[in-house]
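First comes the structure, then the notes that go with it.
The values are calculated or read from the model by the stated rules, or taken from the named source; none is laboratory data. Just so it is clear, the structure is predicted and the values come from calculations on it, not from any experiment. Cβ placement follows ideal geometry from the backbone for every residue including glycine, while neighbour counts extend to all protein chains displayed.
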Amino acid sequence: MGSFGSGLEPAPRRLVESSQRLGAPRHAGLAREAVRVVVDGVPQTIEVVRQERHLGGTQGYWLCPKCAALRSHLFILDGSLCCRVCGKISYRSQHVLHPAVTRAAKLRRKLGGAPGLLSPIPRKPRHWSPVYYRRLVAELIATERVLRDMLGGTIRALERRNGRLHRGRQR
């Protein structure tokens, strides 16, 4: 067995983007009410709490069935409703090393190119204006330059570390 963990596959992360959810309750003007929903054939009652807003009107929140906190969204996990905290659901962006990675991937997808730093930039589609295409390509180049600088710094740090670890050893 190697030195990287136990060899077991990690459990898949639950992400907000890939979880089924119940959106914010509709406006009804009441201070407190109960809503009956059916989840996987099982009826459940959820409370809605309405709070006054400082510019007038009210905003409705779900009352989480597990922790009783006010939440804008509830998620359906394993046949029951819960909030993001109770269900241990996180956002995809919380697991990306740097926002530039996500931005570069979005720009490459918008340009119609293959993902990856070294893949070629595709030609401008006929229906795009040259100004729009140049702006996207310039933004992609700037974003990938940030990533290149980060990777260069990582490589330099690894080379320094390697030099300290193997100082005085014959190869």
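Values as computed for the structure displayed
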| quantity | calculated |
| --- | --- |
| Subset of the range 15-64 that is closer than 30 Å to Val96 by Cβ and outside any strand (DSSP E or B) - its residue that is farthest from the chain's Cα centre (by Cα) | Cys64 |
| Filter result for Ile89 (in the same structural domain as Arg26 (by TED's automatic domain parsing) and among the β-branched types (Val, Ile, Thr)) | no |
| Odd one out for Ala24, checked against (1) surrounded by fewer than 14 Cβ atoms within 10 Å (Cβ to Cβ); (2) touching a Ser or Thr at 6+ places or on another chain (Cβ under 9 Å); (3) at pLDDT below 80 | (1) |
| Leu117 vs. criteria at pLDDT 90 or above and either out of contact with any Cys (no Cβ under 6 Å at 6 or more places or on another chain) or outside any helix (DSSP H, G or I) (or both) | no |
| Test: Val137 is outside the structural domain of Pro25 (by TED's automatic domain parsing) and either in contact with an Asp or Glu (Cβ under 8 Å, 6 or more places away or on another chain) or at pLDDT 90 or above (or both) | yes |
| Residue in the range 96-106 that is part of a helix (DSSP H, G or I), in contact with an Asp or Glu (Cβ under 6 Å, 6 or more places away or on another chain) and of a type outside the set (Lys, Arg) present | yes |
| Output for the range 88-110, where each listed residue is within 20 Å of Glu139 (Cα to Cα), aliphatic (A, V, I, L, M) and surrounded by 11 or more Cβ atoms within 10 Å (Cβ to Cβ) | Val96, Ala100, Val101, Ala104, Ala105, Leu107 |
| Output for the range 70-84, where each listed residue is surrounded by 13 or more Cβ atoms within 10 Å (Cβ to Cβ) and part of a loop (DSSP other than H, G, I, E, B) | Ser72, His73, Cys83, Arg84 |
